[in-house]
Each structure stands twice: as C-alpha cells, then as structure tokens.
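Right, one structure below, let's go through it.
The values are calculated or read from the model by the stated rules, or taken from the named source; none is laboratory data. It should be emphasised that the depicted structure is a prediction, and the values quoted were computed from it without experimental measurement. Methodologically, a virtual Cβ is constructed for each residue, glycine included, from the backbone with ideal geometry; neighbour enumeration extends over all protein chains shown.
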C-alpha cells in the first residue's frame, strides 16, 4: 500500500508541515504530494501545467483537500474532479479549519467522502490524521 | 126623593097654598144645606121673604150657621123678575158663585112667573145649563092657574112634577120624560157595569177649595174595583174621604196632584199625564176630565213596569252616551290623564257614586301616584298621593291585576279602612290594564248604597278599559315620537355625511354633517340634484356608486376624492326600498377617510424606508457572515501553527530546554487552546444571531437527560445527583435549546466539581404568573452583586484556575432565550449554589397551558 500516493492540497505551509508531521507520527509512510493551491492540484491530477506528461493513470489513494485557498478553492477542485471520469470516484477528505455549515454541506453535495475539521490542538490533530490514514489507506478499498 | 137628587135635575111643583110650598121646599133646602150646596130660594108672590126664613129657621137644625156662611139666600120674587131668561148667563153665574164660595153646587128654587102664563117658562138654554152643571133646580107653579092641558105642557118641560092629589104628593112624569128616564136608567146600568168591569182604574172626585178659592184637597166620591186594585186603596177607605186623609203627604208630592186636578175641575180642560205617585211608589198614566165644574173623574193605568223598563232603557242609553262621550274625549285628547277627571265625574254622577280615585303606576316602580279624584278632601288626597303596591285596596289591585269589589263595608279591613273612614259603603276598584300590564287603577265608591248592580260594575269596567286604552295609546304615541326623535338625533349625530337620494339623484333628506359640508340647512338640500351640489357637475360622475345601485339594486362602495368637499371619502350606497320592495332611492353615506388616506401614505413611505433599512441590514448580515468565516478560518490557522509547533518543540527538542522553557511552551499551547475555544464560542454566538428560530415541539426533559448523560460520560468518576422533572415539553428551536441546556447544565456540572454531595436539578413552575424553567445546583454559587455581569460575553466571576471557561456560555444562553422571546435571570450565593431561571415566550404570547406548580425563586 505504501506505493499509493496521498495528495495534500493545502496553501498554508504551516499546515502542510503539521500535516506531514502528523502523518509521520501515525506511521503513514506513503508518498505525500503537496499541491499549494487548487490549480496545482488539478494540474497534478490531470497531468497539466507543471505536471504535464505525468502518468495520470497513477491516481492518489486519497486526497486531503483544504477548502479555503487562493486562485482555486477546494469546492471548485472537488467540482472539477467529480466532473471528470478520471477522478470521479477518487476518495476526497475535506480537511479544513472552517466549521461553517455551508462549506460542509457543499462538500458532501459535490461528493466529498469525508469532512474533517482540523483541531487547533496538535495532539488531537495528530489523532485525527492517524484515524484518517488508517481508514482511507488501510481499511478502505480504493475504486481503482 | 127630594133629598136624593142628582146634579142636573130640574123639576117642578104645583102648589095651591103656602103650606104646599113648605111641604116640599123645607126638606129640599134642608138636604141642600146639609150637602154643602148653595141654596137659593126665590119666593112666590104670596110668600114674603121673612116668612120663608122663619119657616126654615124653625125646620132646619143649625140654620143660623148656614145663614152666617152665606149658604142660604132667599130672594123676593120681584128681584127675580129682572133676570133675562133668554140666556143662561144668570144661572151659570150663580153656579160659579156657589163653587167659588166653596160649595159643592147650587140648589135653586124659584117661582114660575104668573104674567107669562101659557108661555114656556124656560128656554132650552136653562135646561142645558142645569143639566151640565152642579145644579139642582125646582120651579113652583100655582096649580090653580093651569088647566089640564097647561099642566101637561108644564110637566112635559120638566123631568117630573109634584102634584098634591087627595092629600098626598104624587110624581107626574110625562111619557116622554119617562122614556128618557128608562133609557137613562138602562144606560146607567150599562155604564155601571162598564165602570165596575173596566180594567182601568176610575175614580170620581169633588175638588175642595180653600178660602182663597184655590184647590186644597179633593174628596173621593166614587171608585171602581180596578182603582182599588191599581192603587191598593180599599173602597171603604176612600169613599167620601179627603185625599189628604187617605194619602197623607200627597199635598207635598212634587207632582202637585191637587193643583193639577183642581185645574181640570175648575176649567173643565181635560188633562193627560204620566206621573210617579210618591206616596204609592207607583207610576201611573192619568186621564182627568171634569163632567161638572168642581168635579173631576180620573182613569188611571199602572205603568210602573213600563216606566221601569223605560228607565232601564234610558239608563242603558245614558251609559252608552257616557261611554261614547268618554271614548271620544279620551281618544282625541293629547293628555288623557287630564280628561280622566271630567269623565269620571260624569260616570260617578251617573252611577250615583260619591267618590272616585284614579291612580297611575310610576314607570319602572312598584308604586302609584294619584292622578285624579273626586269626593275626597284635598288634605285626604295629599295623604294618599303615593301608594305602594299591595297597600290598601288600590295597591292590591295594582299588584295582582284583579279588580276588588267591596260591598256593605262596615267591618274593619285594612284594604277598605280609607274608604270606610269617609263613609263609603260600596267600593269597586278596577285595574287599568293594557296588553297584560297594569298601568293604574280606577275606583268608584258610594255612600248611599251598599251594593252595586252588575250593570254598574260593567260600566265601571268599560270606563276603566277605555281609560287604559287611551293612556296606552298615548304612551305608544309618545314612544313613537321619542323613537322618531332618537332616530333623527342619531341620524344627525353620525359624523358620516348621510344623504338619502331618489332614483333621479335628487336629495330627499340629509343629515346635519352633510348639510354643513354643503353650506346649507338640511331642509334647503331637499330636491337638489346631488351631482350638481356635491360634485359641481351637470350629470352624475362616472364613479357614482349611487348610479350603480340604481342599476343593479345592490350595495356599492367606492373611495372618492372630492375636492369640493375637501378630502377623501369612503362612499357606500345602500338601496332604500318601500313596503312593496320597490327601490325608491338609496342611502348614500360618505365616510371621511382623508386622515386615513394621509396615514396610509405615511405608512407607504415608512415601509419604503423600512425596506431600505432591511436591505442595509441584510447586507450587514452578509458582511458579518463573511467576517465570521474569516474569523473561524483565518484566526484558527495561526493558532494551529502556534499549537502544533510548540508541540513539535516540546516533543523533538524538549531535552534541550530547561524546565522554565518547557513550562513557557506548555503555556503557549494552553493559551492557543483557550483562544480556540473563545473563537468557537464567538462563532456560535454569531451563528445564533443569524439563524432562524424554529418553533417545534421540544421535549426539554429528554434534552436535559441527554446533556447530563454526555457530561457523566465525559467524567465517569463524578458523583452527581441529577434530578430532572419528567415531561417538560414546550415549543422552541430544539438545536438552540440543546445548546442552552448544554451551557446551563454544563455550568452546574462544572461548578459542583468541588462539592461532595453535588445535586443538579432541572424543573419548571410558575413564577410571576409565567411558566418558568429552572436549572439549579448546590455548587460554588456566585455573588449576587455581580449578577448583572453574568450574561455579558467574556465576563467571568470565577478564577480560570478554579473553574475553566470562556465566559461566552451565559452570553450564548442569553442570546438563545432572547431569540425565543423569553427572559433569563439568575439567583445565587457564594458557596451555596446557583439557580438559572428562564422562560421561552414573550409576555404577549399566549401562555402555554401547564400543570399548576411553583418553583422557588430566591
């Protein structure tokens, strides 16, 4: 399972670092591809932009998606993904700071598989990430 | 024979000597004197007056007294010679003289004249005068001067003749005279039989005159059986008796019997009359005539029954007249209560009553006021001016509505004491009843009789009913007038302008407000076309609702702006129909809505302003949402970094730091965590302000159980006695109420942490008449001095070291309660616990029906 990639879409470098630390702490050794905004995430998924030429048949095991990002937000990313046959069924975990109802409901409507609020406390954040990894990387059978 | 001669007899005597004369004339005059007849003796040539007087003096007892009274006149033959025998004047005058001097008649004796021998002595007129008057006449003839033929001639001229024959006096009658006498006798017998058998009473009398020649009495000479039967006077008690003896007091009878009969007897003029004989107490029809002067006969018929029937009839007529007159007066009078006096006085007189009393009920009271009366003194009247129901006869009648007839009043009785005191013996009081309502009483009383006849009672009842009807009619009229006045007053008092229009748009009537607006008097508006005077147009305007009402016969409304009248009006036209349901016009009501229109305009302008404000507000709300999002997202990220990297330092480089450094790092982490809670609380608070509050059925007991269950689960070691009243169900937003209970019960849970026997309670009851919930604990409590700070955000009454918390929980509670329209307040004491009370609806909301119960609110 270790060959499966986790796509982390997060613009905040602090959060990226903390997420990576939490994954590491949870003994999740999978490769983590970080896209610092929605545009880059889509480039990665569809082999465009700086990722042009990438083998797009190699899809991430799970995508951890932030909602509030410059250029292209998480909701638009989700929308594009679900509209594309290649990424239509990819598991997407919305990992966000916001607990606004609107964001949560939109996410689920657009086919997010999970919605997780990042706790401020790192211990709790680490615990949440660990559980996510356990579920999506170990227990969950990927569609592809 | 000589002493029993009837009036009208005339006969003759043939004499030869003086003694022949004396033989006849002495008994003749004796009888006359005794029979109260004026006796006149004209002597013969061979007899002197003195001699004749001497003979009579000697033969007649008490002759002197007769002579003194002038009852006997002896006249010498010579004085007689001058009398004119061709006329009856002299003899009639003599008869009159006899009667006027108080004698019953005249008895005459006179000598036939020798020088007229062979000539008829009497003319027929003498014979006639004698036969029809109270007169008896005898004529003496010297026998020796007549031969047989002469004798027969004389006899033929008299009824009979007395002739001495062989020493005895014989009566010689002419065959003619005998025939006449026989016929007379037969006729007399017939008359006698008729007289006895006739059904009418018959009586024959002689009038008696006083010294002045006026009739003063009369004597019964003959009566028939019927007379006795009709008068009740026996024959033997009447014959030859004076009427003043037979019927004492008759001379005072107003009918003046003696005077009337006297006139008949003296003038000979017959009389016929009907009279009530006081002494006999009967009514008679009387015919009187006089067969001779001084005498009269009467035939009588008892007409008492007929008279009584007449009387009854007359009374009946009189009664009807009274009723008709009363009815006319009462029904044409505008003030029947004033007429009662006059009418009742008439009725009283007719009924032979002496008192009448009329009371009228005071409207709406159980008492009456004296309206009219007669027969009682003014003082008495004043004393009985007011009479309560049930007091005295009239009061009882008024109360019960039944008449009272009190007759033969002499025993003491409360109800009749008044009338008895004024001598009334019979009293009848009738209620004045109209349509089942007693409006007064009318009573009559009499002093002279002890009873009333049913006929009299009937009349009283009829008069009473008349009076009642008249008064009721007047009342009805008054109420009609009042109703009309009230209607007009209402019509004019309505501020709306009302006009009654006919089908040609002409004003039939307007109320005062309408007339005022037109600048006219109401009566001046009649007949004016409304479109001209109201709208200043030459035809009805297009919007005219009256035109539409005329067209379809139904009611129409319209709002009309009429500058002529200076404003806006809501006009309604309601069809006006006559009794045959034909539309004759409409009632046109104009309600001034100028002010309302202005207010409406103001409201529209205010609404516009309001919607602008709302737009502004919703813009602000959207701004706030954006802000909240940025707060939740953008403020948290740095916190997470602070927290996360502090943790990293602690974990990865902890061994390179001393204890002080480690402690500072831990504090940084703790601070970031607290700030996270603050941000979460603020977000919650702002979300509360924005979200809609649902009104659904919420089981608060279940929610409380849920909350305390979670609390227990989070701190399984805590031992807390939780008392939740079951079945507290209300309306509200379940999610918000959950947050509310979470905060309140969470606080209670938190502040009883240091309490060994912690008790947390959730209940409900009535406080100040309102359904109130309470969350109470026996924990740390608080100082009431700062109670007003409790519900402000970020205000804490406890040290963070003692009890953790953000200071936002109670602000949230306050917000939730506000959003429900309720109230929240707290009571507490340091070290003894706290109680939080809340209601879920505003005072204007209908109170939730709830089982009775109270909660302590200290």
Residue selected from the stretch B:99-129 under the condition out of contact with any helix residue (DSSP H, G or I) (no Cβ under 7 Å at 6 or more places or on another chain) and under 20 Å from residue B:207 (Cβ atoms), by the criterion modelled with the highest pLDDT: B:103
Failed condition for residue B:359, given (1) closer than 15 Å to residue B:418 by Cβ; (2) loosely packed, with under 15 Cβ neighbours inside 10 Å: (2)
Hits in the stretch B:227-257 (condition: over 18 Å from residue B:276 (Cα atoms), in contact with a helix residue (DSSP H, G or I) (Cβ under 9 Å, 6 or more places away or on another chain) and surrounded by 15 or more Cβ atoms within 10 Å (Cβ to Cβ)): B:238
Single residue of the stretch B:133-144 satisfying the filter (at pLDDT 80 or above and in contact with a helix residue (DSSP H, G or I) (Cβ under 7 Å, 6 or more places away or on another chain)) that is surrounded by the fewest Cβ atoms within 10 Å (Cβ to Cβ): B:142
Close pairs from the stretch B:639-668: first on the phi > 0 side of the Ramachandran plot and within 12 Å of chain A (Cβ to nearest Cβ), partner loosely packed, with under 12 Cβ neighbours inside 10 Å and at pLDDT below 90, Cβ under 6 Å, at least 6 apart: none
Odd one out for residue B:779 among (1) more than 60 Å from the chain's Cα centre (by Cα); (2) surrounded by fewer than 23 Cβ atoms within 10 Å (Cβ to Cβ): (2)
Exclusive hit being on the phi < 0 side of the Ramachandran plot, at pLDDT below 85 and not in a loop (DSSP other than H, G, I, E, B), set B:787, B:834: B:787
Condition broken by residue A:93, with the remaining ones in (1) farther than 30 Å from residue B:688 by Cβ; (2) more than 14 Å from every other protein chain (Cβ to nearest Cβ) satisfied: (1)
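Please verify whether residue B:608 is more than 14 Å from chain A (Cβ to nearest Cβ) and either over 20 Å from residue B:692 (Cα atoms) or under 60 Å from the mean Cα position of the chain (by Cα) (or both), treating the condition exactly as stated.
The answer is yes for residue B:608.
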Residue selected from the stretch B:611-630 under the condition within 15 Å of residue B:679 (Cβ to Cβ) and facing another protein chain (nearest Cβ under 10 Å), by the criterion nearest to the chain's Cα centre (by Cα): B:628
Total residues in the stretch A:104-127, condition farther than 17 Å from residue A:12 by Cα and either away from chain B (no Cβ under 13 Å) or buried (at least 23 other Cβ atoms within 10 Å of the Cβ) (or both): 10
Residue match in the stretch B:192-202 (condition: farther than 30 Å from residue B:250 by Cβ and surrounded by 11 or more Cβ atoms within 10 Å (Cβ to Cβ)): no
Condition met for residue B:715 (closer than 21 Å to residue A:101 by Cα and either more than 60 Å from the chain's Cα centre (by Cα) or modelled with pLDDT of 90 or more (or both)): no
Members of the stretch B:243-252 that are under 20 Å from residue B:285 (Cβ atoms) and touching a strand residue (DSSP E or B) at 6+ places or on another chain (Cβ under 7 Å): B:243
Failed item, numbered, when residue A:11 is tested on (1) surrounded by fewer than 21 Cβ atoms within 10 Å (Cβ to Cβ); (2) away from every other protein chain (no Cβ under 14 Å); (3) part of a loop (DSSP other than H, G, I, E, B): (2)
Whichever residue in the stretch B:415-424 is touching a helix residue (DSSP H, G or I) at 6+ places or on another chain (Cβ under 9 Å) and either closer than 17 Å to residue B:402 by Cβ or part of a loop (DSSP other than H, G, I, E, B) (or both) and, among such residues, is modelled with the highest pLDDT: B:424
Enumeration of residues in the stretch B:556-587 that are part of a loop (DSSP other than H, G, I, E, B) and buried (at least 18 other Cβ atoms within 10 Å of the Cβ): B:565
Residues being without any contact (Cβ under 8 Å) to a residue 12 or more places away in the chain and either in a strand (DSSP E or B) or surrounded by 23 or more Cβ atoms within 10 Å (Cβ to Cβ) (or both) - total across the stretch B:430-472: 1
Candidate set from the stretch A:70-82 (those that are within 13 Å of the chain's Cα centre (by Cα) and either crowded, with 23+ Cβ neighbours inside 10 Å or under 26 Å from residue A:141 (Cβ atoms) (or both)); member that is farthest from the other protein chains (Cβ to nearest Cβ): A:81
Conditions (1) modelled with pLDDT under 85; (2) surrounded by 21 or more Cβ atoms within 10 Å (Cβ to Cβ); number of the one not met by residue B:56: (1)
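Out of everything in the stretch B:385-404 that is surrounded by fewer than 17 Cβ atoms within 10 Å (Cβ to Cβ) and in contact with a helix residue (DSSP H, G or I) (Cβ under 7 Å, 6 or more places away or on another chain), what residue ends up being farthest from residue B:428 (Cα to Cα)?
B:388
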Members of the stretch A:42-59 found to be surrounded by 14 or more Cβ atoms within 10 Å (Cβ to Cβ) and either at pLDDT 90 or above or more than 24 Å from residue A:129 (Cα to Cα) (or both), listed by number: A:42, A:43, A:44, A:45, A:46, A:47, A:48, A:51, A:54, A:56
